[in-house]
């Protein structure tokens, strides 16, 4: 498998697994939670509630004389909610990313696409005011670890 195909396979597995989660168990308004790859989808700004999945810069380790590369491919799950109820919306933003990361890490190999999948950091929700509404965002960063042979 080419490296491009491997990365695409991981990206698709993450996005597809997230789309299978029932976020309405947190609150019925999240039954329409939109999962997007990156900051925008098809040139449009997002409509909330939304979960952008931000893939980061991978680190690659070359161990000894092996032709295999050890990849660590980080990505972040971000929940964004606009609302008026600071306490509830902050709580929901946190619950969304924590539920998503729980579901993804239950299968530590992401349906056989990676060697390991782990959480590495968590950013609890904070708000940014927009007149009478607030934007709440929370994030969890994960790492997909895999070997690639050239």
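A compact table of results
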{"read-out": "Selection within segment 47-61 - closer than 22 Å to residue 101 by Cβ and outside any strand (DSSP E or B)", "value": "48, 49, 56, 57, 58"}
{"read-out": "Conditions (1) surrounded by fewer than 18 Cβ atoms within 10 Å (Cβ to Cβ); (2) out of contact with any strand residue (DSSP E or B) (no Cβ under 9 Å at 6 or more places or on another chain); number of the one not met by residue 69", "value": "(2)"}
{"read-out": "Filter result (closer than 22 Å to residue 55 by Cβ and surrounded by fewer than 18 Cβ atoms within 10 Å (Cβ to Cβ)) within segment 80-112", "value": "102, 103, 105, 106, 107, 108, 109, 111, 112"}
{"read-out": "Among (1) at pLDDT 95 or above; (2) surrounded by 13 or more Cβ atoms within 10 Å (Cβ to Cβ); (3) over 13 Å from the mean Cα position of the chain (by Cα) - the single one residue 57 does not satisfy", "value": "(2)"}
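The values are calculated or read from the model by the stated rules, or taken from the named source; none is laboratory data. The model shown is predicted, which means the values in this text are computed figures rather than measured ones. Every residue, glycine as well, gets a Cβ built from its backbone with ideal geometry; the counts of neighbours run over all protein chains shown.
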